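To keep things clear, I will list the structure first and then write my remarks on it.
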Amino acid sequence: MARAPSLSRVLLPSLALAALLASSLPDRALAQEPASETTSCIDEAIRDELNARRRYRGVRERLFQKALRHELSVMGGIYSADLLSSWAQVQGAYTFHFSEALGLELSFAWTRAKSELVRIIENDRGIALLRVENDVYVYMGHLLWSLAYGKVRWFGGTISRFDFYLAVGGGITDNQTARGLTFSGGFGLKMYFGEWFALRLDVRDQVLQQEILGESEIVNNIAATFGLSIFMPFTQ
């Protein structure tokens, strides 16, 4: 007659198996801890790198620095007088930049006034020809205010920086038909190359009182110039 297995023979193997499983659980937990710590270290490294990049971008917002630098400019263009003919203009300017946004510019320009005007003399019923041909000297001072600073890529290669600015000021226009105060306003664009060289384009509207044929009028003379500038010191 077969005998039933005793209770001790059934319980002892079960207890041994449970003890073996219980002893293996801590090892698995410990094996998982280094993986989580490694992931955390990688996340912190990435976060530190991103923060460092943000701090670097905030140190120098403008790659071309103008503040507290001197600018010398040579320009040429056209001077379109309201009552006289247009003529070529040559101009030189000096600018001191107080900050990246503000600068004070002093300039001197030379051009010529040339025109032939007909004057009718009613009393004598005659006709007179007035010929105007003389040098024009323009002495100006402007406050420059930079409104926008940006960059442009040339044909997918070199990147250049530029400024768009407004100019307001005044001075004196000295010629045969006008010797008095002149008010001036306009805008300009400067394109920067390297650390000390720039190209510039300027348009100025000069408002003054001019007298021709015995009549005085308020005129708007337009000066459009293009030239180059150098900045000192040469390194930023």
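Sorted fewest first by neighbouring Cβ atoms within 10 angstrom, HIS97, HIS70, HIS142 come out as HIS70, HIS97, HIS142. In straight-distance terms, cross-link reach from LYS190 covers every one of the lysines whose alpha-carbon lies under 16 Å from its own, apart from those fewer than eight places away in the same chain; here that gives LYS66, LYS151. Extension gain, HIS70 to LEU201, is 45.4 nm, computed as 0.36 nm per intervening residue step minus the present C-alpha separation. Eigenvalues of the alpha-carbon gyration tensor of the range 70-232, scaled by 5 and square-rooted, set the equivalent ellipsoid semi-axes at 38, 15, 12 angstrom, largest first. Residue by residue, the range 162-179 carries 3J(HN,Hα) couplings of 9, 10, 10, 9, 10, 10, 9, x, x, x, 10, 10, 10, 7, 5, 9, 8, 9 Hz when phi is fed to the Karplus relation 6.51 cos²θ - 1.76 cosθ + 1.60 (θ = phi - 60°); x denotes Gly or Pro.
Using the Cβ-Cβ distance between PHE193 and ASN220 with R0 set to 35 Å, the FRET efficiency works out to roughly 0.55.
No value in this document is a laboratory result; all are computed from the given coordinates. The structure presented is a predicted model; accordingly, all values stated were derived computationally and were not measured. So basically every Cβ, Gly included, is an ideal-geometry build from the backbone, and we count neighbours across all protein chains shown.
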